[in-house]
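Scroll down for the structure; my scribbles are underneath it.
The values are calculated or read from the model by the stated rules, or taken from the named source; none is laboratory data. Every value quoted in this text rests on a predicted model; they were computed, and no experiment measured them. Every residue, glycine as well, gets a Cβ built from its backbone with ideal geometry; the counts of neighbours run over all protein chains shown. The accessibility values were calculated without ligands, DNA or RNA, using every heavy atom of the protein model including side chains. Shrake-Rupley method; radii C 1.70, N 1.55, O 1.52, S 1.80 Å.
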Amino acid sequence: MKVLLLNGSPHETGCTHTALEECGRQLRKRGIETETFDLGRKTVAACIDCKKCWGIGKCVFDDPVNEVIGKIVACDGVIVGAPVYFGGIPGNLKCLLDRVFYDAKRLFSHKLAAAVVTCRRGGAETAFDSLNKYFMISSMNVVGSQYWNSVHGDHPEEVAEDLEGMQTMRLLADNMAYWLCCAEAGRAAGIEPFEREPRVKTSFYKPAK
């Protein structure tokens, strides 16, 4: 079993890394393999709604998006970490996730997912909500902890001193490890996801007069 730790911060060893690595250590302690992907300062183009990805689960742009799609597909779970920028997530991370989840989200069904956010003081809740929306529209199973998954600090050393935040990271990892083991036991017992109904889409509009 394997979990992808996606670091959406431009600082590869900053506050977000500190929080994700606390999750990673706990997952490995529970026998779960981890892999870290650092988005860093990579340039990621915004989605242009060209729909060329539909049905193939790959983007036509040559940047980190397809690499991340492949890594999520290959893993059993993913934890996405982000710093808070003006109450939201960094622009290049949003561009990445918009394109990763546009068509490929159908490939992520029933995988475990969690969001982790870091901030100096405020804005964590809105950034946390923004990340969870990607998971919940994709039939992923969102894992919780004892509090919303956030840590506070302006520097990695301060994050390490947020004792409640770091404990929240460890419990998140424990919960994810537990549900991964449950899923593995279910598969071994022959339990498979229920057959999904064909997708129904409803658009609300008024015809022009």
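For the chain, give the share of DSSP beta bridges that are antiparallel, in percent and rounded to the nearest 5; count only bridges with both residues there.
5 percent
Which one, Y85, T43, F194, is farthest towards the positive end of the dipole of the chain when Lys and Arg carry +1 and Asp and Glu -1 on their Cβ?
The residue sitting most towards the positive pole is F194.
Given charges of +1 on the Cβ of Lys and Arg and -1 on the Cβ of Asp and Glu, with all other atoms neutral, how large is the dipole of region 44-86 about its Cα centre, in debye to the nearest 20?
Result for region 44-86 is approximately 140 debye, rounded to the nearest 20.
Can you give me the solvent accessible area of V143 with a 1.4 Å probe, rounded to the nearest 10 Å²?
Spelled out: V143, probe radius 1.4 Å, area about 10 Å².
Quick one: dipole size for the chain, taken about the Cα centre, charges +1 on Lys/Arg Cβ and -1 on Asp/Glu Cβ, in debye to the nearest 20.
1040 debye
Assuming 0.36 nm per residue, please report the length gained on full extension of the stretch S203 to K52 beyond their Cα-Cα distance.
Going from the current span to full extension adds 52.2 nm.
Taking only the alpha-carbon positions of region 12-134 and ignoring solvent, what does the Debye formula give for the base-10 log of I(q)/I(0) at q = 0.17, 0.20 Å⁻¹?
These q points yield log10 I(q)/I(0) values of -0.92, -1.24.
If I model a spin label as a point 7 Å beyond the Cα along the Cα-Cβ vector, how far apart are those points for N141 and A185 in nm?
Modelled inter-label distance: 1.1 nm.
How much of the accessible area of region 11-86, probe 1.4 Å, is carbon plus sulfur, in whole percent?
Carbon-and-sulfur percentage of accessible area, whole number: 53.
For region 1-67, what is the charge dipole size about the Cα centre, in debye to the nearest 20, if Lys and Arg each add +1 at the Cβ and Asp and Glu each add -1 at the Cβ?
220 debye
Report the relative contact order of the chain, percent, no decimals, based on alpha-carbon pairs under 8 angstrom and at least 6 residues apart.
23 percent
Grab the DSSP H runs of the chain that are 4 residues or longer, score each as -39,500 (n - 2.57), total them, divide by all residues and round the 222 nm result to the nearest 500 deg cm²/dmol.
-12000 deg cm²/dmol
When the Cα centres of region 41-78 and region 135-209 are compared, how far apart do they sit, in Å?
20 Å
Tell me the volume per residue, in Å³, of the convex hull enclosing the alpha carbons of the chain.
With only Cα atoms used, the chain gives 145 Å³ per residue.
Considering only DSSP beta bridges where both residues belong to region 80-154, give the percentage that are antiparallel (nearest 5).
Around 10 percent antiparallel, to the nearest 5.
Sorted by accessible area (1.4 Å probe), largest first, how do Y85, Y134 line up?
Y85, Y134
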